[in-house]
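The values are calculated or read from the model by the stated rules, or taken from the named source; none is laboratory data. For clarity, every value in this text was computed on a predicted model and none was experimentally measured. We place every Cβ from the backbone using ideal geometry, glycine too, and count neighbours over all the protein chains shown.
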Amino acid sequence: MKKILVLHGPNLNLLGTREPEVYGSLTLDELNETLRVMAVEGGFELIAVQDNVEGELINALQAHGFSAHGIVFNPGGYTHTSVAIRDAVLAIESPVIEVHLSNPDAREEFRKPSLLREACLGSISGLGAESYLAALRFFMEHSG
C-alpha cells in the first residue's frame, strides 16, 4: 500500500486554540482524521506526525522520505529559518509539498521568505485545511 506522510511542524499541536482567527477552529486531531479518511478511501496509508523540535522533523523526513509516495509538510515557523530542514528535504527521494493554513505572503514581512519552497515540488497556502487536502489529493491523483 502506498503511504503518504503528513508532517506538522511547531505549534500545530495547538490548532483549534491558537489564533483561531488566523488558523481556524479545526483541531490537529480533526485535521488528521479528515486526511486519514480521505487517504484510506483512496487506497493509501496516511502517517501523521507532529513535532515542535526541528531535529525530530528531520528524523521523520529521513525515516519516511525514501518510501513515502509523497510528503505533505507544514514546517510552521521553521519555514523561514531552517537550513537543516531544507537540506533534509533535498536529501530525500519522496516529493514534498509545502503547505500552510494561512498565507505567509499576506502576513508579517518575516513570514514571507521560505527556505524550503525551492526544495519542494510545490507549495499551497492560505486555504486553511484545504491546503492539506489539496496536497493530499495531488499525491493520490499522481500515484503512478
Checklist entry - Are there any pairs, at least 6 apart or on different chains, whose C-beta atoms fall under 6 Å, with the first in the range 27-56 and closer than 16 Å to residue 74 by Cα and without any contact (Cβ under 8 Å) to a residue 24 or more places away in the chain and the second among the hydrophobic types (A, V, I, L, M, F, W, C) and surrounded by 15 or more Cβ atoms within 10 Å (Cβ to Cβ), and if so, which? => result 27/15; 28/12; 28/15
Item to check | Wholly enclosed helices (runs of 4 or more DSSP H) of the range 10-71 bearing at least 1 residues at pLDDT 95 or above and touching a Ser or Thr at 6+ places or on another chain (Cβ under 8 Å) | outcome: 54-64
Item to check | Tally, over the range 59-87, of residues that are β-branched (Val, Ile, Thr) and either in contact (Cβ under 8 Å) with a residue 60 or more places away in the chain or surrounded by 21 or more Cβ atoms within 10 Å (Cβ to Cβ) (or both) | outcome: 4
Checklist entry - Only one residue in 111, 117 is basic (Lys, Arg), out of contact with any strand residue (DSSP E or B) (no Cβ under 8 Å at 6 or more places or on another chain) and either without any contact (Cβ under 8 Å) to a residue 60 or more places away in the chain or within 23 Å of residue 27 (Cα to Cα) (or both). Which one? => result 111
Next on the checklist: For the range 89-120, give me each residue that is modelled with pLDDT of 80 or more, over 20 Å from residue 137 (Cα atoms) and surrounded by 18 or more Cβ atoms within 10 Å (Cβ to Cβ).
Outcome noted: 89, 92, 114, 115, 116
